[in-house]
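Before I ask anything, let me first share the structure, which is written out below as structure tokens.
Values quoted throughout were computed directly from the atomic coordinates according to the rules given, and no laboratory measurement underlies them. Keep in mind it's a predicted model, so treat the numbers as computed, not measured. Every residue, glycine as well, gets a Cβ built from its backbone with ideal geometry; the counts of neighbours run over all protein chains shown.
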Amino acid sequence: VGLTFVVNISATSRNPRLARDIANAFADQYLLAQLEAKFTATERANEWLAGRVESLREDVRAKERAVANYRAQEGLLDAQGSSLTEQQISDLNSQLVLQRAELAEAQARLDNVRQQIDRGVSPDSIGEVLRSDVIRDLRAQYSAAISRRSELASRYGERHPELVTVNREIADIETQLEQEVARIVMNLENEVNVARNRVGSLSGSLGQLRSELVENNSALVRLRELERDAEASRALFESFLGRFRQTDEASTLTDADARIVATASVPVSPSAPNVMLNLALGVVLAGLAGIGAIFVLEMMDNALRTEADVERDLN
């Protein structure tokens with residue numbers, strides 16, 4: 001209709017109701033054809049998208065599996081956001097700091113005891129010695145023996161059996177004190193050696209882990225590449241999955257591009273024949289025919305009807 005997007009549908013039939021039904025059915029079939037075409041296109045798109053989504057899903061799984069396998073193969077395991085090697089290095093560093101502190105403390109205690117012993121300081125003044133329970137017991141026994149010897153010496157001579165026994169006991173206690181001091185010093189030396197060995201062991205392990213970290217950093221380049229590839233595939237998969245869901249939802253809400261503005265109704269008068277036009281044409285044609293017939297009759301009429309006709313024709 002003119003320059004609009006409106007299409008006028010008409011149907012001709014001897015039956016007015018049939019003409020109406022034909023026009024309406026044609027419009028309905030046109031809309032139905034559009035819907036079927038859209039449904040078909042949507043179904044094909046869904047089938048293609050479903051296949052593509054499944055292919056991308058398998059691709060994502062394969063690439064994520066490749067990332068996991070490469071991590072396991074190269075030992076690039078994660079631990080709280082960092083690699084396992086980095087976590088181990090951090091833990092070893094912490095342990096190494098503590099062990100070095102313990103080594104320094106043990107060495108200082110040992111050096112202090114040695115210095116006091118070398119200066120001839122009495123064991124009673126050495127802190128490490130005073131903290132020993134054995135030393136305290138021996139000192140108590142020594143004090144008791146000294147007191148008993150003083151008491152015996154005031155009553156007996158030096159060769160008295162009891163005094164000899166007490167002197168022997170005191171000498172034995174002094175020997176035990178010397179041995180206990182030596183044992184304490186040895187224990188301190190052992191603590192220093194153990195701490196030094198731990199520091200050495202931790203330092204060696206730390207060096208190995210650092211070397212491993214250097215190798216891991218080289219392997220991380222390939223790992224990052226695999227992860228980027230997997231992430232790109234994952235993003236593409238999610239995009240296609242979202243599009244597939246939209247298309248699947250749109251398939252249930254498809255509308256035709258056209259709509260019926262107005263349905264056909266039963267005509268109140270026939271479209272043909274046009275009686276008034278036919279009558280007018282008949283009158284005009286009849287008049288023209290009559291004039292022509294008169295003209296022809298006049299041309300063919302050769303009868304003598306008046307005196308003038310006789311005189312003119314017959315002279």
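Computed FRET efficiency, Cβ-Cβ of residue 24 and residue 279, R0 51 Å: what is it to the nearest 0.05?
Using R0 = 51 Å, I get an efficiency of 0.95.
With the cut-off at 15 Å, report for the range 252-315 the share of all Cα pairs above it, as a whole percent.
Beyond 15 Å sits 77 percent of the P(r) for the range 252-315.
Could you tell me the convex hull volume per residue, in Å³, taken over the Cα atoms of the range 28-72?
Details: hull volume 1.4 nm³, N = 45.
Considering the Cα atoms of the range 28-72, their hull volume per residue is 32 Å³.
Can you pull the one-decimal nm distance between simple spin-label points at residue 9 and residue 183, each 7 Å off the Cα toward Cβ?
11.5
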